[in-house]
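*Asks:* Right, I'll just put the structure down here and ask away after.
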Amino acid sequence: MGAGSLILTQASPDGTYFGDIFFGLLVFGPGVGLTFVTASIAALAGIPEHESGLASGLSNTSFQIGAALGVAIVSTIAVSRTQDYVTANPHTSRLVGLTEGFQSAFGGCVVLAAVGVVLSLTLLTGRGRTHEELQPAAAPD
């Protein structure tokens, strides 16, 4: 996802779809798919069967809240940068200002993806626990 966003930061106001956007989306799309599938598997790994519904619900809720928060952050970056650029350059085309805003927003996506990688590597506990390890210990006789 970060690599695709990094490619999309290079879009220009006079660029073309295939020259500026297509390859970024070609990298970004599979990255999103791989990220969500991997995160779902990791979130549900080692969860006892009777708690899998709860874990799945919490995982999906976390994804939804994270996505909404990410869109809010990236949209704020895009709008703020566009307004700042247009204010600083009043005689420029609005499209140039929007491109500046979107480039900054994709840069924000790169930062968010990097934070996600760092957090996932930091929070990994080594190996996953097996179902047997999650079972409560038998009471002594």
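*Asks:* Could you calculate the contour length gain from Ala72 to Arg94, that is, 0.36 nm times the residue separation minus the distance between their Cα atoms, to one decimal place in nm?
*Replies:* 5.7 nm
*Asks:* Answer rounded, prolate or oblate for the stretch 40-117, using the Cα gyration tensor with square roots of eigenvalues a ≥ b ≥ c: rounded when a/c is under 1.5, else prolate when a/b is larger than b/c, else oblate.
*Replies:* prolate
*Asks:* Right, something else. I'd like the orientation of helix 94-123 relative to the chain: the angle between its Cα long axis and the longest Cα principal axis, in ° from 0 to 90, rounded to 10.
*Replies:* Taking Cα atoms only, the helix is inclined about 20 degrees.
*Asks:* Taking the 0 to 90 degree range and rounding to the nearest ten, how far is the long axis of helix 22-44 tilted relative to the main principal axis of the chain, both from C-alpha atoms?
*Replies:* Computed tilt is about 20 degrees.
*Asks:* Who wins for biggest fluctuation among Leu98, Leu69, Leu123 in a Gaussian network model of the chain, springs between alpha carbons below 10 Å?
*Replies:* Leu123
*Asks:* Another question about this same structure. Averaged over every viewing direction, what's the projected area of the C-alpha convex hull for the chain? Give it in nm², one decimal, please.
*Replies:* Seen from a random direction, the Cα hull of the chain projects 11.0 nm² on average.
*Asks:* Right, something else. What value, in deg cm²/dmol to 500, does the helix sum -39500 (n - 2.57) over DSSP H runs of n ≥ 4 give at 222 nm once divided by the residues of the chain? Intermediate values should be presented prior to the final figure.
*Replies:* Details: 5 runs with 101 residues, N = 141.
Counting only the DSSP helices, I get -24500 deg cm²/dmol.
*Asks:* Most mobile of Gly70, Gly53, Gly31 per a Gaussian network model of the chain (Cα springs, under 10 Å)?
*Replies:* Sorting by GNM fluctuation, first place goes to Gly53.
*Asks:* Binned at 5 Å from 0, what are the whole-percent values of the Cα-Cα distance distribution for the stretch 5-87, short to long?
*Replies:* Binned Cα distances yield the sequence 3, 12, 13, 16, 17, 13, 10, 7, 5, 3, 1, 0.
*Asks:* Angle check, please: helix 52-88 long axis (alpha carbons) against the longest principal axis of the chain (alpha carbons), in degrees 0 to 90, nearest 10.
*Replies:* With rounding to tens, the tilt is 20 degrees.
Read-outs throughout are calculated quantities, based only on the coordinates presented, and are distinct from any laboratory measurement. The shown structure was predicted, so the numbers you read here are calculated from the model rather than taken from an experiment.
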